[in-house]
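The structure appears right after this line, and notes come after that.
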Amino acid sequence: MQSKSARALYLIPYGAWILLFVVAPIALVGYYSLFDLHGSFTFGNYRNFFSSIYLRLTLSSFWYAFLITLFSLLIAYPTAYYLTKTKHKQLWLLLIIIPSWINLLLKTYAFIGIFGQYGPINALFAAIGIGNKQILFTDFSFIFVSVYIFIPFMILPIFNAIDRLNPALIDASRDLGANSWTTFRRVILPLTMNGVKSGIQVTFIPALSLFMITRLIAGNKVITLGTAIEQQFLVTQNWGMGSTIAVFLILFMFIIMLFTEQREKGGTGNGRNR
Amino acid sequence: MTKQPIIRFDGVSKRYGDDATILDDISFEMERGKFYTLLGPSGCGKTTILRLIAGFIEPTAGQILFDGKNINDVPPNERQVNTVFQDYALFPHLNVFENVAFGLRIKKVKGPEVKRRVEEALRFVNLEGYGGREISEMSGGQRQRVAIARAIVNDPEVILLDEPLSALDLKLRTEMQYELRELQQRLGKTFIFVTHDQEEALAMSDEIFVMNAGQIIQSGTPIDIYDEPISRFVADFIGESNIVDGVMIRDQLVLFAGKEFECVDAGLDPNEKIEVVIRPEDLEITSPEKGKLVVTVDTQLFRGVHYELSTYDKDGNEWLVHSTKKAQVGDEIGLDFDPEAIHVMRLNESEEDFDRRLESYEVTGHAE
């Protein structure tokens, strides 16, 4: 009896958290999405979402999130692989992780300085005769900075997956006639897929709703679902439409979660025998 | 030499950095179609030899020849060798069938052919019908068989086995010893088996290489090594033994435990200091009057097949006796043994000298 009531006691913080910060906000967002600008009940917001403007917005949001995730993955996988082979791998990993502890806004502002008209990159361009270039407020700078921000989150799960891989499996693959590339494709990649999926999850989903980097680095040239929500709430004051976009954003997140779900098979053990 | 050895090591050394020498100038030959065992305590370099043959590591010095050709620089995927790993190293993301088929798929063997060969290999290791199972659903013994099937399906010249039985329980281990030996004879391939378990080595091998500290101490058939260990290390490592100091008075006469005994060893210097080995099962319990040695029983253990007696003679030498007869703790008993049971070991004799000496008196000396 004692333990049962004690367990109920432990449940309180979790229950309160879920109720206050998960259930209530989602319910509120759902509720507001059903009202128009004048406060009358409507499904118009949902109809609007399927108009070409918002569909294009959604599509572009996905496209940028896809690009950010892709480039992060292309850089993170080889990096993580290389790190697991180094002598002081935990130290090197830490050096990559540390910048992610610094406030996002600070780092973003730093890039405004770096990419700006009077920044070091343009100074270099001027010096070698290319001349001043507009770097800030371009697709390139937006993706570059986003990738920079997300890379540590992509590296960490992939590093862990590769590090857990039983090295005897690589020997076994080589022993059975596979060259390095085939070994990677048939053994290493499938067995570290869960790490890759985690990495995609923690990159793609937040990238869908980026709004600060879009504002500061892309200068509103890139509009994502995140910036759209912000504008609906703060600029247009159309809470109903903002909430509707948020509802879809949550929906997309769930769909992505389903797609990147970890399968048990071969995942946890990663080849080591119990 | 008419037959080309399948594997030859020519002065092979392996060092890591400057300090750690794992293998020290090793040379040996292995014939086609035999069951070899590398036997030694952990850290003796036996697994290193296996990994050198598989190609996972390269020798620091010397040559490794496969079928007469130097393979020092040949990567593992191009060697006609397959390994059964210590922890099996089965691919957890593939089922049993695909694990076994892995090597064939790499070689782009056609689908129906893959199916036929995988099923044949699974039948070989008594796992018919298990192809669709996941690795996680297989028991330790079954995984072991999958690992073997995965190696033999590629039809390699040499199969390397790295302590493959160490994770199994005793009964299964004994069973697998029989199976492995039988499998090797059916396939007619060269098996190179690494173990620290002397019983495994004795039961399965055509030839055993006893190793210690990066060197091969003695090589020979299980009977040779058991009956004629070259040194205290080998005698101690392989089976149980009584080892006492003694003096070789002359050929066929040895002094130990304060008495002179007739023996069959020869070719040593007169009055040379030696060590004498007598196996516990060669000692027979008799009355103190009839016994060649008189000892007092200190402890007695029932081992199932036999009693194991720990006894001491009056000089304080311990004599281990394996006997089906029972004795009383504290009693004085006699121990009887044949001259052939005495094996004399020279101190620090090299394997070549040892073999030469053995040959010299075995041909002329006594008839076996």
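Nothing in this text is a laboratory measurement; each read-out follows from the coordinates by a stated rule. Note that the coordinates shown come from a computational prediction; the quantities given were computed from them, not determined experimentally. No Cβ is skipped: glycine too gets one built from the backbone with ideal geometry, and neighbour counts run over all protein chains shown.
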Worksheet item: So, by mean Cβ neighbours within 10 angstrom, what's the order for A:187-200, B:158-171, A:5-18 with the highest one leading?
Response: A:187-200, B:158-171, A:5-18
Item to complete: Measure nothing fancy, just the Cα-based angle from helix B:351-364's long axis to the longest principal axis of chain B, in degrees from 0 to 90, nearest 10.
Response: 60 degrees
Discussion item. With the crude spin-label approximation of a point 7 Å out along Cα→Cβ, what separation in nm comes out for A:N103 versus B:S136?
Written reply: 4.4 nm
Fill in: Farthest toward positive dipole pole in the protein assembly as shown [+1 Lys/Arg, -1 Asp/Glu at C-beta], among B:I6, A:W239, B:V264
A:W239
Worksheet entry | Mean ellipticity per residue at 222 nm, deg cm²/dmol - from DSSP H runs of n ≥ 4 across chain B, formula -39500 (n - 2.57) | -8000 deg cm²/dmol
Worksheet item: Hey, what did chain B get for relative contact order, percent, Cα under 8 Å, at least 6 apart?
Response: 15 percent
Worksheet item: Which aspartates and glutamates does A:K87 reach when only Cα atoms under 13 Å apart count, and residues fewer than 8 places away in its own chain are ignored?
Response: A:D163
Worksheet entry | Global geometry of the range A:24-84, whether rounded, prolate or oblate, following the gyration tensor of its Cα atoms and the 1.5 cut on a/c | oblate
Item to complete: For B:K110, list the aspartates and glutamates whose Cα falls under 18 Å from its own Cα; do not include residues on the same chain fewer than 8 positions away.
Response: B:E98, B:E119, B:E120, B:D155
Practice prompt. May I ask which residue of B:Q86, B:T195, B:P76 lies farthest towards the positive end of the charge dipole of the range B:7-227, with charges of +1 (Lys, Arg) and -1 (Asp, Glu) on Cβ and the Cα centre as origin?
Written response: B:P76
Worksheet item: Listed here are the pairs B:K3/B:K46; B:K46/B:K273; B:K115/B:K189; A:K107/A:K221; B:K34/B:K69; which of them are more than 28 Å apart at the Cα?
Response: B:K46/B:K273
Item to complete: With only Lys, Arg, Asp and Glu charged, each at its Cβ (+1 for the first two, -1 for the last two), find how big the charge dipole of chain B is about the Cα centre; round to the nearest 20 debye.
Response: 2280 debye
Practice prompt. Pick out the long, greasy-scoring helices in chain A: whole DSSP H runs spanning 15 Å or more along their own axis by Cα, mean Kyte-Doolittle at least 0.0.
Written response: A:52-85, A:104-115, A:139-164, A:193-208, A:239-259
Discussion item. Give me the one-decimal nm value for the distance between modelled label points at B:D338 and B:D269, 7 Å along each residue's Cα-to-Cβ direction.
Written reply: 3.2 nm
Worksheet item: A:L9 to A:R56: FRET efficiency via 1/(1 + (r/R0)^6), r the Cβ-Cβ distance, R0 51 Å, to the nearest 0.05?
Response: 0.50
Worksheet entry | Ranking of B:S310, A:S146 by count of other Cβ atoms within 10 Å, fewest first | B:S310, A:S146
Fill in: Mean Cβ neighbour count within 10 Å, used as a protection proxy, ranking A:77-88, B:78-89 highest first
B:78-89, A:77-88
Discussion item. Kirkwood Rh over alpha-carbon pairs of the range B:84-176, then Stokes-Einstein at 37 °C and 0.692 mPa s: what D in µm² s⁻¹, rounded to an integer?
Written reply: 247 µm²/s
Fill in: Square roots of 5 times each gyration tensor eigenvalue, C-alpha, the range B:284-336, largest first, Å
17, 12, 9
Item to complete: Could you give the size of the charge dipole of the range B:284-336 about its Cα centre, using +1 on the Cβ of each K and R and -1 on the Cβ of each D and E, expressed in debye and rounded to the nearest 20?
Response: 220 debye
Worksheet entry | Estimated FRET transfer efficiency when R0 is 41 angstrom, pair A:N179-A:R47 (beta carbons, to 0.05) | 0.15
Response to the item:
Across B:258-266, the residue-averaged tally of Cβ atoms belonging to other chains within 10 Å stands at 0
Practice prompt. Under 1.5 on a/c is rounded, so check that first for the range B:7-227, then, if it is not, pick prolate when a/b is larger than b/c and oblate when it is not; a ≥ b ≥ c are the square roots of the alpha carbon gyration tensor eigenvalues.
Written response: prolate
Worksheet item: Relative contact order (percent) for chain A, with alpha-carbon contacts under 8 angstrom and 6 or more residues of separation?
Response: 27 percent
Fill in: Segments B:131-139, B:108-116 sorted - mean Cβ within 10 Å per residue, highest first
B:131-139, B:108-116
Fill in: Folded to 0 to 90 degrees: helix B:140-152 orientation relative to chain B principal axis, Cα
70 degrees
Response to the item:
For B:I208, the residues 5 or more places away or on another chain with a placed amide H closer than 5 Å to its own amide H are B:T37, B:G220, B:T221
Worksheet, complete the sentence: Within the under-9-Å Cβ sphere about B:D282, not counting B:D282, Lys/Arg +1 and Asp/Glu -1 give a net charge of -3
Fill in: Average beta-carbon neighbours from other chains, 10 Å sphere, peptide B:95-108
3
Discussion item. Only four residue types carry charge here, +1 at the Cβ of Lys and Arg and -1 at the Cβ of Asp and Glu. Report the dipole size of the protein assembly as shown about the Cα centre in Debye, rounded to the nearest 20.
Written reply: 6080 debye
